[in-house]
Structure formats: structure tokens, C-alpha cells
1. Compute the helix-to-body angle for 29-51: its Cα long axis versus the longest principal axis of the chain, expressed 0 to 90° and rounded to tens.
2. What does the helix-only formula give at 222 nm for the chain: each DSSP H stretch with n ≥ 4 adding -39500 (n - 2.57), the total divided by the residues, and the result rounded to the nearest 500 deg cm²/dmol?
3. Averaged across orientations, what area in nm² does the convex hull of the alpha carbons in the chain project?
4. To test your reading of the geometry: what angle, between 0 and 90 degrees and rounded to tens, separates the Cα axis of helix 2-24 from the longest principal axis of the chain?
5. Setting aside same-chain residues fewer than 8 positions from LYS36, which aspartates and glutamates have a Cα under 15 Å from its Cα?
Amino acid sequence: MDDLKAILARPIQVAEQVIKWAEEAQTCRQECLELKTKVERLASLLRQAARADLYERPA
């Protein structure tokens, strides 16, 4: 489980940085806001996966 959190940590950080850059954009404002919305959703899903208790059924 900790391995999954470690694997997802960097993509979550990158998503947060993209969100920040999209908010700060001076040009292509509409496109950046659309990108921000999509990346926020992606970041949310990544965080959910990192928090999830993955259940493995016994064989």
C-alpha cells in the first residue's frame, strides 16, 4: 500500500503544479481554465487511489 502512495505522490504533485500554472495563465485563459478543471478531476482520482484500501481476495 505504501508503494502505491509513493508511486502516486509525484503525479499528484505534478497535477497540483499544473493547476497552479493554469490559474496564473495570462493568455489562452479559457483553455487554461478547461485544463484546470480536467486536471483537478484527475488529481482527485489520484488522491482517492492513494487513500484507497485495496482489497485483495484470497486465492
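1. It is inclined by approximately 10 degrees.
2. On the way: 2 runs with 46 residues, N = 59.
So the helix-based figure for the chain works out to -27500 deg cm²/dmol.
3. Working: hull surface 18.3 nm².
In nm², the orientation-averaged hull projection of the chain is 4.6.
4. So the helix axis and the longest Cα principal axis differ by about 10 degrees.
5. In chain and number order, the partners are GLU16, GLU23, GLU24.
No value in this document is a laboratory result; all are computed from the given coordinates. Predicted model, so just to flag it, every value in this text is computed and none were measured.
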